[in-house]
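A short reminder: the numbers here are calculations on the coordinates, not readings from a lab. Since the structure is predicted, the reported quantities are computational estimates derived from the model, not experimental observations. Reconstructed Cβ throughout: ideal geometry from the backbone, glycine too, with neighbour counts over all protein chains shown.
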Amino acid sequence: MLMWKQLQRHAAAQGNKPALFCENTRLSYKEFAERAELLARVWLSQGMRPGDRIALHMRNGIELATGYYACFAAGFVAVPVNTRLRAEEVSFVLEHSGARAYIASGDLRVPSPLTALAGSPQTVVASLPAPDPDAPALILYTSGTTARPKGVTHSQRTLAGNGLYMEHWGLTPGDHTLLFTSMAHASGSIMLFMSSLWVGATVTIVPVFDAGVVLDTWQRSGATFFMSLPTLVRALLIEQTARPRRITTGRLVICGGDTVPVTLQQEYAETFGHPMVEGFGMTEGLPMLANRLEQNRAGSMGRPVGDIELQVVDGEMWVRGCGVATGYWGDAPLEDGWLKTGDLVEVDSDGFVWFRGRKKEIIVRGGSNISPQEVEEALYLHPSVAEAGVIGESDDYWGEVVVAYVAARQCQQASAEELIAHCRQHLAEYKCPQRVVFLETLPKGATGKVQRRALKEMNAPRALAV
């Protein structure tokens, strides 16, 4: 109930202040709260009940924003669906979450037996229920260390905790947030959209990332703040260099999702005239670490934000705090509240955290996590693949790209292009291999499992040579 009550407070105290801009639509805090409440009443009148999961499959925009807060108002559980997923990946999210309703933009919709809620019936319920602030409110799916994505579960209380983290980090009611990362991801939904409304700031939403559109929107809106990924920052720098805009309102940018080179931070500051600092967050909570203008140690992940507790166990960073997710959908809650991040770190004498590698084998391409097992599963669906092993290879632009090692079945040799095209039929584009390497047999351990570490070692000379 915390997120919904906070929106109502802003609607009462500063009802005429702009809350959201998106293309030609402008909504004040009062108008947005009224729109979200009406939608919540509509869905209740159609038989939805608190605790029901509602899958929201749509691009950045007012419709998705309203869907989130309608869920908070009535105690439904919002399940955003990544717009880059293929049909079978979407079906997994719908099935695993136990979604009761599926709402999708026309061009994104996949076949589903789930209820498709209408927008405006003749009658609506007279009152809203009082949601439990500690009950599930949002399930975000992210690829992790297993072959299938996990559903990271947040309550309204943990979402409010993330809003408090952004306040501690320095987001103010006077800020104007430019949102162009996906609102189906934690960075776009929690860190930029929900946290900005938590503090009472204004948000301008860009439906789909295009560097030119983002810069034009920035110049027109007068935005002061945004969060981005290294790959997107590089695209903005290329566009601004080619076709400079007069952008003077920027105050601060936080970048994360992958290692942020110091040279990139310097180039950004030189191009746009204000600093970009590095921060750290996960779908399970963000920002958990951040650099500040007055306390910036370039190259580090920053220091803990707000009430975040941090401990390093066998080199791995564990974190705990009011904004950390309650657990994973269908699994036990986090043990004593501690999130084991899988990141290997060192902490200096001033409390700044330095990244030293990943304990897990996930591949991070442009800030998006990719499970090697999931890509291998897709490869194994091809009749010519006998063995498959997937690793990440360093890349100057993406951070890491997917490389697949394959041993083919006898008399069924497929080309690399054919296997990549096959993966595109089953996986989102960003998860598909950049290249395929064929071997007679793949290295295995004593149990017969393909050893990705050995593949990494085989790949090292080439990666160093690039």
Sorted peptide list for 42-51, 322-331, 432-441, criterion being average Cβ within 10 angstrom, highest first: 322-331, 42-51, 432-441
About the Cα centre, and with charges only on the beta carbon of Lys, Arg (+1) and Asp, Glu (-1), how big is the dipole of the chain? Nearest 20 debye, please. 700 debye
Based on other C-beta atoms within 10 Å, arrange 259, 115, 283 from fewest to most. 259, 115, 283
Which of 62, 139, 190 has the fewest Cβ neighbours within 10 Å, and the rest in rising order: 62, 139, 190
With the 8 Å Cα cutoff and a minimum separation of six or more residues, the chain has a relative contact order in percent of 12 percent
To the nearest 20 debye, what charge dipole does the stretch 363-465 have about its Cα centre, counting +1 at the Cβ of each Lys and Arg and -1 at the Cβ of each Asp and Glu? 260 debye
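Tell me whether the stretch 1-74 comes out rounded, prolate or oblate; compute the Cα gyration tensor, take square roots of the eigenvalues as a ≥ b ≥ c, and use a/c under 1.5 as the rounded threshold.
oblate
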With residue 19 itself left out, Lys, Arg at +1 and Asp, Glu at -1 over residues whose Cβ is under 12 Å from its Cβ give +2
What shape does the stretch 129-280 have by the C-alpha gyration tensor, where a ≥ b ≥ c are the square roots of the eigenvalues, rounded means a/c under 1.5, and otherwise prolate means a/b greater than b/c and oblate the rest? prolate
Rounded to two decimals, the Rg over Rh value of the chain from Cα coordinates and the Kirkwood Rh reads 0.97
Roughly how many nanometres apart are two label points built 7 Å out from the Cα toward the Cβ at residue 38 and residue 430? 3.4 nm
Suppose every Lys and Arg Cβ carries +1 and every Asp and Glu Cβ carries -1, with no other charges. What dipole size does the stretch 286-423 come out with about its Cα centre, to the nearest 20 debye? 160 debye
Determine the gain in length on full extension of the stretch residue 307-residue 377; use 0.36 nm per residue of separation and subtract their C-alpha separation, reporting nm with one decimal. 21.2 nm
Calculate I(q)/I(0) for the stretch 210-283 by the Debye formula, one identical point scatterer on each C-alpha and no solvent, and give its log10 at q = 0.20, 0.22, 0.26 Å⁻¹ to two decimals. -0.81, -0.99, -1.37
Listed with the fewest Cβ neighbours within 10 Å leading, 117, 56, 381 appear as 381, 117, 56
Could you let me know the centre-to-centre spacing of the stretch 41-113 and the stretch 147-161, using Cα atoms, in angstrom? 15 Å
Cα gyration tensor, the stretch 363-465 - rounded (a/c under 1.5), prolate or oblate: oblate
List the lysines whose Cα lies under 29 Å from the Cα of residue 17, skipping any in the same chain that are fewer than 8 positions away. 5, 30
